[in-house]
Amino acid sequence: MRTEAKGQTLEKIGAAFLAKQSKEGKSAATLSKTEYHLKLANRDFGRKPITEITAPIILKTLRKVEAKGNYETAHRLRARIGSVFRFAVASGVAEADPTYALRDALIRPTCVHRAAITVPKALGQLMGEIDGFEGQPQRTTALNSLWQMLQ
């Protein structure tokens, strides 16, 4: 074991990674998501020495998230854990990122395509309907703001 890695847990390195992101000026939403993902990981293996955390250990946690049907969250969690491991590698406390081996182990989330107006005439019709809308003041204001953005 490397001298730098002695006593280094995922929890400690994750906190340092989060502090780094904060100093880089990441948004509050990004910091909040990072913190949420790290809590998920820390619950299962955060107190383990970073050098003892393996791909199967991480996969067990990811499978718990997947079992709830949260496929996108599982993928993002894997990526976040990988970021912490790469930070640990760069800091000299880990040798490699075990999440790389898990790239194809998770269920891929289904892509849901959303409807969009692609015909210019139909867009013009929508804009006209927004302009002529008379209803509750809050909705009228919101639709007028949308109409201004579309022009």
Using a Förster distance of 35 Å, the FRET efficiency for ASN144-LYS68 (Cβ separation, nearest 0.05):
0.30
Please compute the modelled spin-label separation between LYS26 and LEU123, points set 7 Å along Cα→Cβ, answer in nm with one decimal.
3.5 nm
With Cα atoms, 0 to 90° folded angle of helix 137-150 axis to the chain main axis
80 degrees
May I have the convex hull volume per residue, in Å³, for the Cα set of region 112-151?
85 Å³
Sequence-distant residues sharing a close amide H with THR9 (under 5 Å, placed H):
ILE50
For the chain, count the residues as N, evaluate 2.2 N^0.38 Å, and divide the Cα radius of gyration by that value, please.
1.53
Past 25 Å, Cα to Cα, is the threshold; run LYS39/LYS64; LYS39/LYS60; LYS20/LYS68 against it and keep the listed order.
LYS20/LYS68
Selected from PRO56, LEU106, LEU123, residue furthest toward positive end of dipole (the chain; charges at beta carbon):
PRO56
For TYR36 and ALA55 in one chain, what is 0.36 nm times their gap in residues minus the Cα-Cα distance, to one decimal in nm?
4.8 nm
Using the Karplus curve 6.51 cos²θ - 1.76 cosθ + 1.60 with θ = phi - 60°, what ³J(HN,Hα) values do you get for each residue of region 85-91, in whole Hz, with x for Gly and Pro?
5, 5, 4, 5, 4, 5, 7
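Every read-out reported here was derived from the displayed coordinates using simple, explicitly stated rules and does not represent laboratory data. Keep in mind that this is a model prediction, so the values were computed, not measured. Please note: Cβ atoms are built from the backbone with ideal geometry, for glycine as well, and neighbour counts cover all protein chains shown.
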